[in-house]
Amino acid sequence: MATKKPSDKDTTKTAAEQVTATKAPAEKKPATKKSSATAKKTSVEKASVVKKTTAKKTSAAKTTTAKKAPAAKKTKMPKPEPEKTRYTDEELEEFRTLINEKLAIAQSDYEKTMDRIMGRDTNEIDDTAPTYHSLEEGSETQSKEQLMSMAQRQQKFITGLKAALVRIDNKTYGICRETGKLIPKERLRAVPHATLSIEVKNDKHRTH
């Protein structure tokens with residue numbers, strides 16, 4: 001049998017098909033697994049970034065809160081007041097007024113007592129009758145002794161008041177000469193020339 005030669009059309013068609021087959025790109029298979037892995041990785045990275053950002057914000061917020069929080073105030077214990085060592089100038093002037101008043105009365109009483117001792121008291125009746133003198137001689141002697149004792153006490157009181165005025169001038173008035181502590185005002189008002197506290201004075205009486 002005779003072999004059939006391909007016609008020009010068949011040859012052209014076959015060549016065209018070959019060229020087309022050569023130029024046609026191979027179809028890409030969808031990379032499903034790779035895309036899924038990439039998506040997961042991206043999601044994890046984003047979550048990590050979000051966590052870090054949140055952590056930083058939380059830390060910054062805590063730091064700001066700590067800075068803004070007012071410090072707790074420490075309760076200060078009140079300091080004990082220092083013990084008073086002397087009376088103020090105003091208090092000393094009050095004592096000066098009191099002492100001057102008592103001094104004026106004491107001097108007046110002393111002068112009256114001395115007038116009676118010296119017989120200068122005009123209220124007494126001067127009876128020159130011998131009988132009167134003989135009867136009153138004993139009582140007169142006793143009265144003079146009492147008056148002399150009274151005058152001595154008054155003189156001592158006056159001396160003490162004058163010394164108290166000197167201590168006021170020196171700003172040492174009212175300080176116990178044994179303990180160095182202040183004598184209470186109540187005692188000084190009753191005995192303005194006092195130089196000892198009542199406790200020290202009582203101790204001295206007990207020892208004697």
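The values are calculated or read from the model by the stated rules, or taken from the named source; none is laboratory data. Remember, predicted model here, so these are calculated numbers, not experimental data. In this analysis, Cβ positions are derived from the backbone assuming ideal geometry, glycine residues included, and neighbour counts consider all displayed protein chains.
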> How many residues does region 194-208 contain that are over 36 Å from the mean Cα position of the chain (by Cα) and not charged (D, E, K, R)?
Replying inline: 4
>> Which pairs turn up if I take residues in region 190-203 that are under 18 Å from Ile99 (Cβ atoms) and look for partners that are charged (D, E, K, R) and part of a loop (DSSP other than H, G, I, E, B) with beta carbon separation below 9 Å, at least 6 apart in sequence or on another chain?
In response: Thr195/Arg177; Thr195/Glu178; Leu196/Arg177; Leu196/Glu178
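This table checks each residue for (1) in contact with a helix residue (DSSP H, G or I) (Cβ under 6 Å, 6 or more places away or on another chain); (2) modelled with pLDDT of 95 or more; (3) of a type outside the set (Lys, Arg).
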{"residue": "Lys156", "(1), (2), (3)": "no, yes, no"}
{"residue": "Ala164", "(1), (2), (3)": "yes, yes, yes"}
{"residue": "Leu182", "(1), (2), (3)": "no, yes, yes"}
{"residue": "His193", "(1), (2), (3)": "yes, yes, yes"}
> If a residue has to be surrounded by fewer than 12 Cβ atoms within 10 Å (Cβ to Cβ) and outside any helix (DSSP H, G or I) to count, how many in region 139-176 make the cut?
Replying inline: 1
